[in-house]
Amino acid sequence: MISRLTGAGSSVWWWRSAVFVAGALSVTGFAPLDWFPLPLVGAAILFWRVSLASCPRHAALLGFAFGLGFFVFGVGWIYIALHEFGGMPAWLTAPLMLLFCSYLAIFPAAACAVTAAAPLRRRWWVFAGAWVSAEWLRGWLFTGFPWLALGYSQVPSSPLAALAPVAGVFGVSLALTLLATAAVSVCCGSWSRSVLATAGGIALACLISGRIEWSTGEARALPVTLVQGNVAQDLKFREDRLLHTLAGYRAAVEQAATPLVILPETALPLFLHEIPPAYLGALQDAARRRGGDVIAGVFQNDPVGSDRYFNAVISLGHAPSQGYRKHHLVPFGEFIPFKAVLAPVLNDWLHIPLSDQTRGEARQRPLAVAGALVAMNICYEDVFGDEIVRQLPEATILANVSNDAWYGRSWAAEQHLQISQMRALESGRWMLRATNTGVTAIIDHEGRVRARLPQFVADQLSGTAQTRTGTTPFARAGNIPAAALAGLMVLTGVGWRRRGAST
């Protein structure tokens, strides 16, 4: 019986290969393909095999195989950043990427192991709770890497996206995995009234949440111009290209006809004190002539001459000059973890400029510019939804400046756009994205892209956004409710087994 359930001999490897493929195919549910039902199918296949596992070890190996396929195909674009632009040799980059994806695969492996430790009849909800608990932990441990949480795949087209303003991305992941396990239970004839009630409750919650306007639009529209400079990453910090870059952004600001103009992350690739005052004055004068402001990405050295430097944005124009400094930095790209040990080794192999930055404050005020209160976030920061909402409900609009040129012509930029769509839904705010090479876009409070530029072109996106007020349930509580519910589902499911064993 055990060999039949777990798959003895060659069938063990066959099923591990099958769930590896299921993990890889689940990536197509995310942008740019947006085949959002496939992650549910992938989760269902994995749960089906895990529900037959004879022990946690066998289940963990299935989860690891699924996770390896999922992350190798989902975030393999990191190879481009390390090798093509970071200068790391291919013979070192490839095994490091495999090691990183193996680390990420530990989280689904742990979720599957916990599922197999629960009684058979409880596994359908333990799997969902353990999966989301693992996603949440992955988004927190070692500063976190929550990229490709399953909930992102449902934005904006899936009915499950309606749950985002209430429960956030992890709440959407929880709903998706519960539906996947419910489908398996029904197909295998092991369903119960609680399974059907859960599926029906999710459908009802999506219907109700989708009909509620969680934030209120203000009457005044906000005309904006988002500048996409399309400066190649290998040219960005070259001195012989600096004047060309600065001239391009100055021309874009002067040509714009809207009160708010936003330039990408580190659009001005200098420290602020190194930029000629006349250049900053020209940007400020152009914005003042329109009665508005320009927001520009720049590095700041504070105090000047020290080794403390920040990835920042500044505002120039009609309003008093303000700034925002990036708080959540990218490991190895913007700071070196365990610096005393790793820095001597990495400095020989990885050549990323300005890779030892200082964190900005965790809580910073929105920028009061062009009649709006803009909650800034820089690049990777918008992956962390509970950090984005720190500036709510004061902020009336969100803005992300980014430089995804690091990842070449991969799926990374489209995945990043989808993450921004989730942030807009969670917060009930429009999101403005000004990027170097794409995807520059205007996203409404329902997560829909209203306008965008094609990637890898130098252009300006002009349009109108809406400032909004009010607070969504997610903005009040963040990820705590979804994570707590997921943890409770695991504890109750596994706890029953222990209680039964003790009696």
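The values are calculated or read from the model by the stated rules, or taken from the named source; none is laboratory data. Bear in mind that the values here come from a model prediction, so they are computed numbers and not experimental data. In this analysis, Cβ positions are derived from the backbone assuming ideal geometry, glycine residues included, and neighbour counts consider all displayed protein chains. Side chains included, ligands, DNA and RNA excluded: accessible areas come from the protein's heavy atoms. Shrake-Rupley method; radii C 1.70, N 1.55, O 1.52, S 1.80 Å.
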Pairwise FRET efficiency - Ala257 versus Leu491, Cβ, R0 = 45 Å, nearest 0.05: 0.20
Average Cα contact separation per residue, the chain, under 8 Å, 6 or more apart, as relative contact order %: 18 percent
Dipole-positive endmost among Ser306, Ala296, Trp147 within the chain (Cβ charges, Cα centre): Trp147
10 Å-binned pair-distance histogram of the stretch 414-503 (Cα, whole percent): 16, 31, 21, 14, 10, 6, 2
Hydrodynamic radius by Kirkwood, which averages 1/r over all alpha carbon pairs of the stretch 171-281, in angstrom: 19.5 Å
0 to 90° range, to nearest 10: angle between helix 412-427 axis and the chain longest Cα axis: 90 degrees
Residue-wise HN-Hα coupling along the stretch 190-196, computed from phi with Karplus coefficients 6.51, -1.76, 1.60 (Hz; x: Gly, Pro): 10, 6, 9, 4, 5, 5, 5
The stretch 62-125: radius of gyration and largest Cα-Cα distance (Dmax), Å: 15.6, 52
Solvent-free Debye scattering, log10 I(q)/I(0), computed from the Cα coordinates of the chain at q = 0.07, 0.13 Å⁻¹: -0.40, -1.21
In sequence order, calculated HN-Hα J values of the stretch 278-285 (Karplus, 6.51, -1.76, 1.60; Hz; x Gly/Pro): 5, 5, 4, x, 5, 5, 5, 5
Nearest-20 debye value, the chain charge dipole, Cβ charges on Lys, Arg, Asp, Glu: 1820 debye
Protein accessible area in the stretch 221-265, 1.4 Å probe - carbon and sulfur %: 53 percent
Charge-dipole axis of the chain as Lys and Arg at +1 and Asp and Glu at -1 on Cβ define it, positive-most pick from Ala53, Leu367, Met88: Ala53
Whole-angstrom Cα spans of the stretch 203-347 along principal axes, big to small: 55, 46, 29
Protein accessible area in the stretch 102-177, 1.4 Å probe - carbon and sulfur %: 75 percent
Long-range HN-HN contacts of Gly360 with modeled amide H, under 5 Å: Lys326, His327
Long-range amide H partners of Lys236 with built H, under 5 Å: none
Area accessible to solvent at Asp404, 1.4 Å probe radius, in Å²: 10 Å²
Distance histogram for the stretch 101-151 (every C-alpha pair counted, 10 angstrom bins, percent rounded to whole numbers): 28, 50, 20, 2
Net charge dipole size for the stretch 185-322 [Lys, Arg +1 and Asp, Glu -1 on Cβ; Debye, nearest 20]: 480 debye
Accessible surface, per residue, of the stretch 133-245 when the full set of protein chains is kept, probe 1.4 Å, Å²: 45 Å²
Positive-pole candidate from Gln460, Leu178, Cys188, dipole of the chain, charges at beta carbon: Cys188
Percent carbon-and-sulfur accessible area, the stretch 356-495, ignoring ligands, DNA and RNA, probe 1.4 Å: 54 percent
Per residue accessible area of the stretch 403-476, 1.4 Å probe, in Å²: 29 Å²
For the stretch 20-114, fraction of C-alpha pairs farther apart than 22 Å, in %: 35 percent
Rounded to 10°, Cα long-axis angle of helix 123-138 versus longest principal axis of the chain: 30 degrees
DSSP-defined beta bridges in the chain - what % are antiparallel, rounded to 5: 60 percent
Between helix 10-26 and the chain: long-axis angle, C-alpha atoms, 0 to 90°, nearest 10: 30 degrees
Average accessible surface area per residue within the stretch 1-128, 1.4 Å rolling probe, Å²: 43 Å²
Overall dimensions of the stretch 128-212 as given by Cα atoms, namely Rg and Dmax in Å: 13.6, 42
